[in-house]
Structures are given as C-alpha cells and as structure tokens.
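Inspection log for the structure reproduced underneath, given as structure tokens.
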Amino acid sequence: AQEEKFCALVDMVERTELNAIVVDVKGDSGRLAYQSQSPLAVEIGAEVEGWMDLRELLRLCQERGIYTVARLVVFKDSVLAAGRRDLAVVRSDGSLFADGKGSLWVDPFREEVWEYNIAIAQEVAALGFDELQFDYIRFPTDGQVRSLIYSQPSTEEARFQAIGGFMARLQAALKQQPVFLSADLFGLTAWVDNEANIGQMVENVAPYVDYLSPML
C-alpha cells in the first residue's frame, strides 16, 4: 500500500511542474525510516518497521529525474530522549521536558547527540539522496524553557557555540559525500539579531549548508 501511495506521488510529480520529493527519514518523533547500523539507534529501537524501502524509493525517483531530499530532525527526538534519559533535556525536578505538542528533546550541548545525528546523516547520504535537509537544529522554545536543565549552563554564547559547533562538525563529516546540505530555520532567525534563546542564528548555520529555508 505504501509503494502504491508513493508511486501515485511520483506520477503527480511527472504530470506537474513539481520536480522534487521530500522524505521524512528521521521524523519529528526521532523514528527512522530505514535500518541504521548506529549502535545507539539499534539500542533505542529507532527504526520503524514496515516502511517502504528507501533504496526502492530512490530508484523510482532517479529513473524519472526527480530530485530527492531527506528531512532529518535533529534535537527534537522523543525516541532518543526516552531511550537515553542522560541525553535528554529535563526539568528542574529531573523529569523529562515535553514541549507543547508532547515532544521530548535531547541536549544540544551533548556531543554524543551530535555524533548520533551525524552517523545517521552519513548513512542517509550514502543511500543516494540528492540533499539532506536538517530541521530543529536548535534549543526548545515551547513551554517553560528558561528553567530547563542541560549538561552545562545554558547561556546565550554557549547556545550559539553549541549549534555552530554541531553544524561545523556535520559539514566536515559529510564533505566527501556528493550531497547538498540544507537547513530549516526558525522563522524569527531571519529578522532578529540574537539567538532568541534557541541558539540558532543565520550566522552559525548558513556557513555550513548549501541552502537555507527560513520558516517565515
């Protein structure tokens, strides 16, 4: 059934002015649409069984000249936060922080979180996607976020350095891969001149990607 739905989408792209398909490969919950070899992904059971094989999906797109984008959600990750509480963003009482939509978040200061996402990005790039689109490359915004506990003091400068540090390492890890990198930015970043408590600015993301998508 999934392949039928996807083939219908491919047919629509062929019939219209559309020329690209975006695939949630690491979605908003942190679930993966493929079998990762990352030990941490295996440990937390990140893969969702029964999804369409990504190689077949890519083959169908490549046959028709359709540009393929893999969307990868980074620091909003309920699966990793629940599976590894030591990597999660927590409240002052030690409980897991959930945003307004019930999503859990992982600590952007933690380099183990960086490496987990980079390992996934490398695997997905190797599958043959044309572009990797990274989303939620930031600290959480919804709810009582000022009292949240991280692995180090959450200052403006520290948040800015954390996001920039992750992006620099991500770019370096993927520079040998023939894939474009892109980033979805919180809409506010396009017109404020500070990191607005989320660590994300045009200045610490743009140097490391080919395309920016400010969500205005």
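The values are calculated or read from the model by the stated rules, or taken from the named source; none is laboratory data. Computed from a predicted structure; not experimentally measured. For neighbour counting, all protein chains shown are included, and Cβ atoms are generated from backbone atoms with ideal geometry for every residue, glycine included. Quick note on the areas: whole protein, heavy atoms, side chains included, nothing else; ligands and nucleic acids left out. Shrake-Rupley method; radii C 1.70, N 1.55, O 1.52, S 1.80 Å.
Side notes on the structure shown:
- Residue count for the range 152-174, restricted to those that are assigned to a loop (DSSP other than H, G, I, E, B) and buried (at least 18 other Cβ atoms within 10 Å of the Cβ): 1
- For Ala196, the conditions (1) farther than 26 Å from Val25 by Cβ; (2) out of contact with any Ser or Thr (no Cβ under 8 Å at 6 or more places or on another chain) are fulfilled apart from (2).
- Considering the range 21-73, and only residues there that are assigned to a loop (DSSP other than H, G, I, E, B) and of a type in the set (Val, Ile, Thr), the residue that is farthest from Ala125 (Cα to Cα) turns out to be Val48.
- For the range 92-131, the set of residues classified as at pLDDT below 95 and touching a Phe, Trp or Tyr at 6+ places or on another chain (Cβ under 8 Å) consists of Asp99 only.
- Lone qualifier among Arg71, Arg91, Arg84 - being basic (Lys, Arg) and closer than 26 Å to Ser213 by Cα: Arg71
- Tallying residues that are touching a helix residue (DSSP H, G or I) at 6+ places or on another chain (Cβ under 7 Å) and closer than 15 Å to Ser182 by Cβ within the range 116-128 yields 2.
- Considering (1) open to solvent by less than 40 Å² (accessible area, probe 1.4 Å); (2) out of contact with any Leu (no Cβ under 8 Å at 6 or more places or on another chain); (3) over 21 Å from Ala81 (Cα atoms), the lone condition that Gly199 does not fulfil carries the number (3).
- Cβ pairs under 7 Å, 6+ apart, first in the range 52-76 and farther than 23 Å from Tyr136 by Cα and open to solvent by less than 70 Å² (accessible area, probe 1.4 Å), second among the polar types (S, T, N, Q) and modelled with pLDDT of 95 or more: Leu58/Thr68; Cys61/Thr68; Ile66/Asn19
- Counting the residues of the range 193-216 that are in a helix (DSSP H, G or I) and under 17 Å from Leu132 (Cβ atoms) gives 3.
- Checking each residue in the range 134-181 for being over 22 Å from Leu32 (Cβ atoms), among the acidic types (Asp, Glu) and at pLDDT 95 or above picks out Glu156, Glu157.
- Residue tally, condition hydrophobic (A, V, I, L, M, F, W, C), in contact (Cβ under 8 Å) with a residue 40 or more places away in the chain and surrounded by 15 or more Cβ atoms within 10 Å (Cβ to Cβ), over the range 3-51: 11
- Restricting attention to the range 175-187 and to residues that are open to solvent by less than 70 Å² (accessible area, probe 1.4 Å) and more than 14 Å from the chain's Cα centre (by Cα), the residue that is farthest from Ile137 (Cα to Cα) turns out to be Gln177.
- Subset tally (residues that are of a type in the set (D, E, K, R) and either open to solvent by less than 60 Å² (accessible area, probe 1.4 Å) or in contact with a strand residue (DSSP E or B) (Cβ under 8 Å, 6 or more places away or on another chain) (or both)) for the range 202-216: 1
- Cβ pairs under 6 Å, 6+ apart, first in the range 112-136 and touching a residue at least 12 places away in the same chain (Cβ under 8 Å) and open to solvent by less than 30 Å² (accessible area, probe 1.4 Å), second of a type in the set (Val, Ile, Thr) and not in a strand (DSSP E or B): Asn117/Val74; Ala125/Val179; Leu132/Val179; Phe134/Val74
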